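**Q** Just passing along the structure, written as structure tokens.
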Amino acid sequence: MMVHLFGAASSPSCASYALKRTAEDRKEVASPKAVETVIHNFYVDDCLKSVSTEQEAIDLASDVRKLCAEGGFCLTKWVSNSRKVLLSIPEEQRASGIKDLDLDQDFLPIERALGMQWCTENDTFTYKIKVQEKPFSRRGILSVVNSIYDPLGFLVPLILPVKLLLRDMCKQGYGWDEEIEGKQADQWVRWLEDLNHLSDFQIKRCVKPEKFGNTTEAQLHHFSDASESAYGTATYLVLKNEHNQKHCSLLMGKSRVSPLKQITIPRLELTAATIAVKVDKILRQELQIPLQQSVFWTDSTTVLSYIGNESARFKTFVANRISLIRDATTSLQWRFVKSAQNPADQATRGLKAKDFVQEEKWFKGPNFLLKPEEEWPQCRDQMTQGAQQDPEIKAEIKVNVLNIKEGKDIVSKLTDYYSSWFSLKKAVAWMIRLKETLLQLCKVRRQFQESIAQSEKDPEKQASLLQEQMQKYRSTMEKKSLSLKNLNQAEIQLIQFSQKQQFQDEIEALKKNIPVKKRSQLFKLDPVLQDGILRVGGRLNRAAMPEESRHPAILSKCSKISTLILNDIHQRCGHCG
């Protein structure tokens, strides 16, 4: 195949890879800004880029077109809020709504940029919502609400009342196609009528005003709040120029209704603070500008006390969220703000469309952000009072520990100590070797003592002669490493020990030539005792097979030795099934 299919599941991925590979292959010869734009500013086949000056935009557009043309990509449907930039683009490559315009006189149209309606004439985002007639049911209301495309959360206070309506319908047990009546139906109709106020609503696309100059500082401010109905956040970008002038603009808003299962307000406030931390992480990755340390605002002193308290042990719900907050921020980044000055309060209570359009605090942020840091609201000192009575803090429980010596035998402690069958066998083999050596030394010592006692009657001379003889014997002893025979001997000893622990009654019965009791778990195996080892009996004693295959040793699944043997086989066989 020389081409990729159009419309296949892999097509978008292949197209994006080919586009970015085109830029990476030409890093050395193409413009660095053009390469960066192709790699970071394309969403499938749409490119969105903002620059400071018209000349920079003209140069960048030309460089990007040349770069993509070398890879076989022809960029078309160009749109800009600058007429000068549009004039630099060939007419056939402009968007269809701009091709026939007189760029010297006509107004620039409203275009769609990744679903957002962008008025290129005023460089603003607009919302023209055409509500389709839907039934007054959960399905119809949800369809209308989801048709309002608002990825950055600018309309969060406006949409919240309908989300609360849907939650109440769900709580009351309404079916998906069951129509509502009465007060709820009136509330839905009034909300639909209020949407007409959005026809003239506009919000600036650019977060930096014209003639603001060079930016010297940029900082994110996150506000979080919660109520009984919902919790949410509002994020603002504060810019500072060379003349110490500040500008604040809304970057993103988020709002979620509280769950049907009732949760305390402090927990909702903490959840909102957690969302603010997650939003900060996203924005710091996406905003391609240098940012100072972010500031987080909340009107909950409880949340501030949780974040600042490092000694208390919180319950799981609070502990998980506090851990996430502390991993990404420090307690010094969190500040207190009064509810009246908290713009996130509107994301948790909602606004009517008429009030929403006229609201300034939601879009511009609180006034104190434009003032020096010394004039910001100060933190309260009483944040830690009453912390010990907080229901989210685990109560301290004192436990008295009594040290009881376990009645374990030495061999059991030895098997529990080792985690490898080979290591355990090796240790036991050395112990057996030591035991045999000591027994042999004792035997030789007695022989020397008897022979010296018969020849010498002086006790001191007997002792010195005995010491000399023993040193000579020790020097002649062989110092060998462990052999396979030693390891096999150790294995037999360990198996015998394990069988005595688990099957003592069966072993005693077989020693006395008494058949195993029927209630024994080994009864069906027809066990026999061979050389002190309990083995499986049966009719294979004449089969042409090794002894271990005809009469394998019996081990209990509860034994630590059985576990070590199975793990050893598992590793030696390469972890097969």
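Here, each number is a calculation from the coordinates, and none is a lab measurement. It should be emphasised that the depicted structure is a prediction, and the values quoted were computed from it without experimental measurement. Cβ: placed from backbone, ideal geometry, glycine included. Neighbour counts: every protein chain shown.
**Q** For each of VAL3, VAL145, count neighbouring Cβ atoms within 10 Å of the residue's Cβ, then give the residues from fewest to most.
**A** Lowest count first: VAL3, VAL145.
**Q** For SER52, SER481, SER258, SER137, what ranking results if the residue with the fewest other Cβ atoms within 10 Å of its Cβ goes first?
**A** Ranked by crowding around the Cβ, least crowded first: SER481, SER52, SER137, SER258.
**Q** Shifting gears a bit: Using a simple charge model, +1 on the beta-carbon of Lys and Arg, -1 on the beta-carbon of Asp and Glu, nothing else, what dipole does the chain show about its Cα centre, in debye to the nearest 20?
**A** Rounded to the nearest 20 debye, it is 3840 debye.
**Q** Sticking with this structure for a sec: In whole Hz and in residue order, list the ³J(HN,Hα) couplings for region 418-425 that follow from phi through the Karplus curve 6.51 cos²θ - 1.76 cosθ + 1.60, θ = phi - 60°; x for Gly and Pro.
**A** 8, 10, 10, 5, 5, 5, 5, 4
**Q** Treat the count of other C-beta atoms within 10 Å as a stand-in for reagent exposure and order LEU482, LEU165 from fewest to most.
**A** LEU482, LEU165
**Q** Find me the longest stretch of the chain that has none of the exposed GluC sites (Glu not before Pro), where exposed means in a DSSP loop (not H, G, I, E or B) with at most 10 other Cβ atoms within 10 Å.
**A** 29-132
**Q** Further question on the same structure: With θ set to phi - 60° and the Karplus curve 6.51 cos²θ - 1.76 cosθ + 1.60, what are the ³J(HN,Hα) couplings of region 311-317 in order, to the nearest whole Hz, using x for Gly and Pro?
**A** Running phi through 6.51 cos²θ - 1.76 cosθ + 1.60 with θ = phi - 60° gives 9, 6, 9, 8, 6, 4, 4 Hz.
**Q** How much mean residue ellipticity at 222 nm does the chain get from its helices, if each DSSP H run of length 4 or more adds -39500 (n - 2.57) and you divide by all residues, to the nearest 500 deg cm²/dmol?
**A** Using -39500 (n - 2.57) per qualifying helix, the result is -13500 deg cm²/dmol.
**Q** Cross-link partners among lysines for LYS354, C-alpha distance below 29 Å, same-chain residues fewer than 8 apart left out?
**A** Once the sequence-local lysines are set aside, what remains near LYS354 is LYS128, LYS130, LYS134, LYS163, LYS171, LYS183, LYS204, LYS208, LYS246, LYS254, LYS338, LYS364.
**Q** Right, another one. When semi-axes √(5λ) of the Cα gyration tensor in Å is calculated directly from the model, which label among (1) 80, 34, 31; (2) 69, 24, 23; (3) 47, 37, 21 fits?
**A** Evaluating semi-axes √(5λ) of the Cα gyration tensor in Å on these atoms matches (1).
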